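Take a look at this one; I'll ask things after.
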Amino acid sequence: MSAYATLQPGEHRCPGPSTRDIILADGWDVPAALTADAYDFLGDADIAFDRYISPDFFEREMRSLWPKVWQWACREEHLPAVGDYITYDVGRYSILVTRVSPTEIKAYHNSCLHRGTQLKPSESSGSATEIRCPFHGWSWQLDGSLKNIPCRWDFPHVQDAETRLPEVRVALWGGFVFINMDPDAPPLEQQLGVLPDHFSGRWDLSKRRVKLHLQKELPTNWKAATEAFLEAYHVYETHSQGLATAGDANAQYDIFDDHVTRFVHTIGFPSPHYTTPQTQQEIFDKMRGGGGVTVPEGKTARSVAAALARADIGTATGVDLAEYSDSEMLDSIEYHLFPNMCLFPGVSLPMIYRFRPIGMDPGRTMFDLMFLELVPDGTPLDYAPDPIPVSVEQSYADAPGMNPGLGAVYDQDTNNLAMQYRGFQAAFKQGETLGNYQEARIRRFHTTLDSYLAQP
């Protein structure tokens with residue numbers, strides 16, 4: 001019998017200081033959201049591997065998930081001017097998003113009503129005064145109304161009012177443009193749950209701008225790719241070089257509702273697995289690679305590293321960071337919005353993730369890795385940088401503008417995925433066994449997915 005059998009399932013926690021303990025010990029007044037705690041035990045049954053590799057299961061997702069769920073297509077800075085457009089593809093679906101007025105963005109199914117040709121190429125963006133099919137020249141106004149059919153005399157059976165481009169619902173939040181193909185879906189606010197409350201004030205992502213955007217194909221299922229970033233349990237093996245300076249087993253996991261979960265794991269405090277005694281100076285030197293900075297007596301590696309980050313990032317961005325706590329400056333604070341979005345409100349780690357199936361192959365995923373930079377209040381919208389493609393074999397560190405050290409960490413994260421996907425197919429045991437706490441977000445992810453798949 002397990003030594004921990006006296007506790008109820010889901011009650012077990014790593015011995016030692018918790019994430020909350022570490023954050024409060026910093027001595028800062030932190031946002032209430034940062035120390036909020038929400039966890040529910042959701043069961044301990046295995047998750048079947050067929051959910052990742054089965055074409056039939058993938059087809060169910062294409063029918064019952066992707067057309068019925070809110071998902072972010074772009075940022076508002078991708079569409080600062082009237083006529084700007086961008087395409088968003090997920091599986092078999094392709095959506096054209098365009099700004100039709102200074103105050104309105106619309107989205108359409110990216111398919112001509114004549115013979116079905118895509119109106120704009122996949123993964124493209126640009127600006128236009130009309131929406132024109134590249135095959136025969138049928139065209140629409142930006143608002144979706146029919147503009148012109150060449151040889152109109154040959155189409156007496158086509159009625160203008162019935163030949164508007166079919167619209168896809170659009171909603172805005174946090175500087176993101178969300179789309180939903182289901183006209184009867186609940187409003188975006190219902191799916192966002194606690195996010196509008198948590199991501200307010202200095203966490204408001206509409207006050208940030210895209211600094212860097214990488215796109216990398218991952219040779220695995222979109223769910224497996226997502227799940228690789230939903231837990232810190234893998235740090236022990238995958239990122240073992242970081243154990244001296246990063247929490248993992250003592251990370252905090254929160255299940256806020258069926259669509260929103262979170263983890264927080266600390267930087268500048270050693271893993272519970274790392275038992276070699278260290279001074280604060282030694283921890284700092286491992287965090288920052290030395291550099292001749294001395295940790296004063298009575299200070300911690302976290303506080304000194306956070307202060308340096310405040311100064312460096314504040315100077316680079318022109319933003320006053322005096323109120324940002326050590327945790328906000330350093331820690332990995334990651335929210336997941338079902339189905340495929342991860343959001344970080346932190347300053348040094350300001351990432352956004354998106355995972356989406358490529359075409360109709362269950363084993364191909366597009367990983368969008370975006371970094372949002374703080375900007376001074378009143379900064380106008382300007383065009384976001386184009387995404388930089390990173391091939392399957394290429395290192396993230398090779399991408400222009402990518403921090404090489406962080407790129408190496410992402411390499412470690414995604415290098416596991418091809419082997420895991422092959423393991424799904426080779427397995428004798430036909431399912432994965434999850435930890436009750438550290439991998440609870442993965443279980444919530446699948447439970448929510450099942451609720452969509454159960455819909456008619």
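Nothing in this text is a laboratory measurement; each read-out follows from the coordinates by a stated rule. Keep in mind that this is a model prediction, so the values were computed, not measured. All Cβ positions, even for glycine, are placed from backbone atoms using ideal geometry, and neighbour counts span all protein chains on display.
Just the isolated ones, please: cysteines in the chain lacking another cysteine beta carbon under 4.7 angstrom.
Within the chain, the cysteines lacking a partner Cβ under 4.7 Å are 14, 74, 151, 342.
Over 20 Å between C-alpha atoms is what I'm after, so list which of 106/147; 68/223; 106/211 land there.
Numbers: 106/147 17 Å; 68/223 17 Å; 106/211 25 Å.
Correct reply: 106/211.
Relative to the first principal axis of the alpha-carbon coordinates of the chain, what is the inclination of helix 301-317, with its axis defined by its Cα atoms, in degrees from 0 to 90 and to the nearest 10?
The two axes meet at around 30 degrees.
Let me ask something additional. Calculate, in nm to one decimal, what residue 54 and residue 308 gain on full extension: separation in residues at 0.36 nm each, minus their alpha carbon distance. Spell out each step's value before the answer.
Numbers: separation 254, 0.36 × 254 = 91.44 nm, distance 4.89 nm.
Difference between extended and current length: 86.6 nm.
Next up: Between residue 390 and residues 5 or more places away or on another chain, which pairs have amide H atoms under 5 Å apart, with H built 1.01 Å from N, and which residues are they?
Result for residue 390 returns 215, 216, 217.
Straight-line reach from residue 216: which lysines fall under 23 Å, measuring Cα to Cα and dropping same-chain residues less than 8 apart?
Counting by Cα, and skipping residues close in sequence, residue 216 has these lysines nearby: 120.
In degrees between 0 and 90, to the nearest 10, how far off the longest principal axis of the chain does helix 440-453 point, with axes built from Cα atoms?
Long axis of 440-453 versus the principal axis of the chain: about 20 degrees.
Let me ask another. With r as the distance between the Cβ atoms of residue 394 and residue 451 and R0 = 51 Å, compute the FRET efficiency 1/(1 + (r/R0)^6) and round to 0.05.
Numbers: r = 37 Å, r/R0 = 0.73.
Here the calculated transfer efficiency is 0.85.
Longest span of the chain, sites excluded, free of trypsin sites (Lys or Arg not before Pro) in DSSP loop with at most 11 other C-beta atoms within 10 Å? Provide the component values of the computation, followed by the final result.
Values: sites that count: 115, 429.
Answer from the scan: 116-428.
List the GluC sites (Glu not before Pro) within the range 1-87 that DSSP assigns to loop and that have no more than 16 neighbouring Cβ atoms inside 10 Å.
Values: sites: 11, 59, 61, 76, 77; in loops: 11.
Answer in residue order: 11.
Roughly what angle does helix 404-426 make with the longest principal axis of the chain, taking Cα atoms, 0 to 90 degrees, to the nearest 10?
The angle comes out near 70 degrees.
Also, I was wondering about something else. Please give the contour-minus-distance gain from residue 81 to residue 422: 0.36 nm per residue of separation, less the Cα-Cα distance, rounded to one decimal in nm.
Values: separation 341, 0.36 × 341 = 122.76 nm, distance 4.51 nm.
Between residue 81 and residue 422, full extension yields 118.3 nm more.
Just how large is the dipole of the range 71-180 about the Cα centre, in debye to the nearest 20, putting +1 at every Lys and Arg Cβ and -1 at every Asp and Glu Cβ? Intermediate results must be reported in sequence, preceding the final value.
Numbers: 11 positive and 12 negative charges, 37 e Å.
Using only the charged Cβ atoms, the result is roughly 180 debye.
List the residues whose amide H sits under 5 Å from the amide H of residue 384, counting only those 5 or more places along or on another chain, with H placed 1.01 Å from N in the peptide plane.
Placed amide hydrogens put 78 under 5 Å from residue 384.
Given R₀ = 35 Å, FRET efficiency for residue 430-residue 38 by Cβ-Cβ distance, to 0.05? All intermediate terms of the calculation are to be shown ahead of the outcome.
Details: r = 32 Å, r/R0 = 0.90.
It comes to 0.65.
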